[in-house]
Every structure is written in structure tokens, then in C-alpha cells.
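This is the structure, below, for whatever I ask next.
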There are 2 protein chains.
Amino acid sequence: MNQPIRQLSQDSAVFSISDLAREFDITTRTIRFYEDKGLLSPQRSGQKRIYNRSDRTRLKLVLRGKRLGFALADIRRMIELYDEPGGEAKQLTLMLGQLNSNRQLLLMQREDLELQLKEFDDIELRCQKRLKQLSNDA
Amino acid sequence: MNQPIRQLSQDSAVFSISDLAREFDITTRTIRFYEDKGLLSPQRSGQKRIYNRSDRTRLKLVLRGKRLGFALADIRRMIELYDEPGGEAKQLTLMLGQLNSNRQLLLMQREDLELQLKEFDDIELRCQKRLKQLSNDA
DNA sequence: GTTTATGTTGACGTTAACGTTAACTTAGGC
DNA sequence: GCCTAAGTTAACGTTAACGTCAACATAAAC
């Protein structure tokens, strides 16, 4: 049970909970917690959870969402956008709205990010200047 | 006391705690909390806090840091980088290290962000496609 | 001089996202 | 058949970032 559970072919790869935990450097508790929140729903073999490639991808999306500062509930909705290409027109329009509002958040975040990077550049320049000054004084 | 406390000239502008709370849409409790954590240190007139332009800028930086997902303790260190242009060579080198590690975080975040934006574009395209399909079926 | 708005300092409450522990099951290795 | 590694559920604990409330001060407005 130290190796990935099974690996019959390329696409039917299957992972245990601790496989994923190791790969993404999180705890199994975290993965189960995400399942509790409706972000994952792996197959079961008896009691044990069995994850496929799609589950793994979802987990990746969750972790990226987290890194971007979204709450788990938001991430859930974003993932739902992801895997439902169907639905009625009304539903689709609603999805588009959700999506655009999330996009706006990211765009604002990008602005913050670029500003902060520029300020880091400024600080660095001033530090370098000061360092040269000090080495000249010596 | 409904107007900004005083406004003698352009640069000596001064704000009350609720001026800032209103401007940035946060509570006074939040501002006091940030002071507790060492992120702000306004003047006092008796008991009351008095904020100047520099305090206001610091608060802005704090809020941007938060939006970028940094913890308050990290933000504190980043701000300290900001207003100490001096110090010894050893200290400056240390600052540069801090700064570069923070920069790396932001660069990784930018990658996540661009990826997510691309995926949003994908989802939108698929939604639009599906909508056209539905309108054609009618 | 008393209401009213704004301010203050504690101190306890809350929420999200897990950590930690306990008590138990299950599948293989020897 | 027993041990160990990995898994399970359930429940309580923890931390950061505030919210909320009490009890009080102060200054302007009437």
C-alpha cells in the first residue's frame, strides 16, 4: 500500500487518499474535509476512498483556488461551473454572470499584484543604492 | 466632528478613525486591531487617535496586502521594508532576501491567476456555444 | 446641563479551515 | 494468527481576523 493503488492503463489511474496527500503536500484530514464540504466525491471500495484522474484534477483546482484567496464555498461554485457544460438557458446565463463577477475579482487582484511588484522593485533599487553608498564610504 | 478633523493645508491633512473607516469601508474595530498588531501607530490627542497622510497610506498598503492573501504579520514585515531605507549592510542584505522571497510568492500567484483567467475564458466559450445551440433548437 | 455623536479600553464571541486525538476496521506480510 | 500500515468516523481543539458588547469619557449642539 505504499504504491499508488492501481495503474492499469494511462487514463484509469487511481489514487489512494494518502497518494494525493503526498503529491500535493496536504494532510488526509484536509482531503476528507474538502469532501465534507462537497468539493470532492470519490468512489468507495467498501469504506475506502478511491480517487481517479478527474478527482485529482478537482483537487488541483481547489488548491489553486485557495492560493488565489477564494473561500471553499466559492471554489465549490466555480468548480460546478467547470463541469456542467449543459443546463437550461436560464441556468447558463446565470453561470455566465457568476463567471464574470469572479473574473472581475481576479482582474482587480491582478492590478493589486502588479502594483505590489512595482513597489518591490522600488524598494530593491533603494536598497541597492544604499548598499553601494555604504561600500563607497568604506 | 462629521467632517475630516482638520485640513490646514494639502499635506498636513489629518483624519479621525471613522474618517478612515468610512473611506476604506472597514470598521473602526478593524483599524484598532491593526494598531494592536503593530501595523499602525497614529498620534494621540489625549486619548483619541489622529491619523496623517502617512498613516493613511500605510492602511492602504495593509488592505492591499490582505487582498493579496498575506497574513497581517507578513504585511507588517513588508511595510517595515518599505519605510526603512537605511540600516547596516547586513540588515539591507537581509531585507533584500525577504523582498525576493515575497516577490517569488507574488510571481507564483500571478501564474495561478493567469491560468484561472484562461480557464474562465474556456468556460465562457463553452457556455456561449451551448446557448447558441439551445436557441437554434427552438 | 443633558442629549448625541464619536471616541476609548477591555473582554468574550464567531467563523473558516483545518489539527489532533481516540477508538475502531481492514488488507497484507511473515 | 498476529503485527503493522493505512484507512475510517466522530468529536473536540486551535488560530487568525475580526465582530459584538459593556462601561465609560469627551466634546459639540441645543
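With the label 7 angstrom out along Cα to Cβ, how close does A:ALA73 come to the same site in each of the other copies, in nm, nearest first?
For A:ALA73, the inter-copy label distances come out at 2.8 nm.
While we're looking at this one, here's another question. By accessible area of protein heavy atoms, probe 1.4 Å, what ranking do B:ASP112, B:ASP74, A:ASP137, B:ASP122 get, highest first? Mind showing how you got there, number by number?
On the way: B:ASP112 20, B:ASP74 50, A:ASP137 120, B:ASP122 85 Å².
Descending order: A:ASP137, B:ASP122, B:ASP74, B:ASP112.
Averaged over peptide A:69-76, how many Cβ atoms belonging to another chain are found within 10 Å of each residue's Cβ? Let's see the in-between values first.
Working: counts 7, 2, 0, 0, 0, 0, 0, 0.
Per residue, the average neighbour count from other chains is 1.
Only loop residues by DSSP count here, and only those with at most 14 other Cβ atoms within 10 Å; note down the trypsin sites (Lys or Arg not before Pro) in the stretch B:9-60 that meet that. Present the calculation step by step, with values, prior to reporting the outcome.
Values: sites: B:ARG22, B:ARG29, B:ARG32, B:LYS37, B:ARG44, B:LYS48, B:ARG49, B:ARG53, B:ARG56, B:ARG58, B:LYS60; in loops: B:LYS37.
Sparse-neighbourhood loop trypsin sites (Lys or Arg not before Pro): B:LYS37.
Another question about this same structure. Students often forget the sequence filter, so: which lysines lie under 23 Å Cα-Cα from B:LYS60 once same-chain residues fewer than 8 apart are removed?
A:LYS118, B:LYS37, B:LYS48
For the pair B:PHE33/A:THR93, report the inter-label distance in nm, with labels modelled 7 Å from Cα in the Cβ direction.
3.9
Moving on. Other chains near B:57-67: what is the mean number of their Cβ atoms within 10 Å of each residue's Cβ?
On the way: counts 0, 0, 0, 0, 3, 0, 1, 6, 2, 2, 8.
Taking the mean over all residues of the peptide, I get 2.
Enter the mean number of other protein chain beta carbons within 10 Å of the beta carbon of each residue in A:124-131, as an integer. All intermediate terms of the calculation are to be shown ahead of the outcome.
Values: counts 6, 0, 7, 10, 2, 2, 9, 6.
Average per residue, whole number: 5.
Apply 1/(1 + (r/R0)^6) to the Cβ-Cβ distance of B:GLU23 and A:SER12, taking R0 = 41 Å, and write down the FRET efficiency to the nearest 0.05. Provide the component values of the computation, followed by the final result.
On the way: r = 57 Å, r/R0 = 1.39.
That pair, B:GLU23 with A:SER12, gives E of 0.10.
Related question: At a Förster distance of 35 Å, what's the computed FRET efficiency of A:ARG110 paired with B:GLN47, Cβ-Cβ distance as r, to 0.05?
Working: r = 41 Å, r/R0 = 1.19.
According to the calculation, E is roughly 0.25.
Okay, moving on. With all protein chains present and a 1.4 Å probe, how do A:PHE120, B:PHE24 order by accessible area, largest first? Please report the intermediate quantities before stating the final value.
Numbers: A:PHE120 5, B:PHE24 45 Å².
Largest accessible area first, the residues go B:PHE24, A:PHE120.
Just want to confirm a number: the relative contact order over chain B, from Cα pairs under 8 angstrom separated by 6+ residues, in percent. Don't skip to the answer; put the middle values down first.
Numbers: 75 pairs, mean separation 19.7, N = 138.
Relative contact order for chain B comes out at 14 percent.
Which Cβ of chain B lies nearest the axis of the rotation superposing B onto A, and at what whole-Å distance?
Smallest Cβ distance to the axis, with its residue: B:GLY69, 2.
While we're here: Among rounded, prolate and oblate, which fits chain B when a ≥ b ≥ c are the square roots of the eigenvalues of its C-alpha gyration tensor, a/c under 1.5 means rounded, and a/b larger than b/c means prolate? Don't skip to the answer; put the middle values down first.
Working: a/c = 3.46, a/b = 1.58, b/c = 2.19.
Oblate, because a/c is 1.5 or more while a/b does not exceed b/c.
Quick check on packing: order B:89-100, A:62-73 by the mean number of other C-beta atoms within 10 Å, highest mean leading.
Going from most to least packed, we get A:62-73, B:89-100.
Ratio of alpha-carbon Rg to the 2.2 N^0.38 Å globular estimate for the protein assembly as shown, to two decimals, please.
On the way: Rg = 24.8 Å, N = 276, 2.2 N^0.38 = 18.6 Å.
Relative to the 2.2 N^0.38 Å estimate, the protein assembly as shown comes out at 1.33.
Something else now. Would you tell me the accessible area of A:ILE50, worked out with a 1.4 angstrom probe on the heavy atoms of the protein chains, in Å² to the nearest 10?
40
Given points 7 Å out from each Cα along the Cα-Cβ axis, report the A:SER101 to A:LEU125 separation in nanometres with one decimal.
The two pseudo-label positions are separated by 4.0 nm.
The values are calculated or read from the model by the stated rules, or taken from the named source; none is laboratory data. All values reported here derive from a predicted model rather than from experimental measurement. Counting neighbours? That spans all protein chains shown, and the Cβs are built from the backbone with ideal geometry, glycine included. Please note that ligands, DNA and RNA were not included when accessible areas were found on the heavy atoms of the full protein model with its side chains. Shrake-Rupley method; radii C 1.70, N 1.55, O 1.52, S 1.80 Å.
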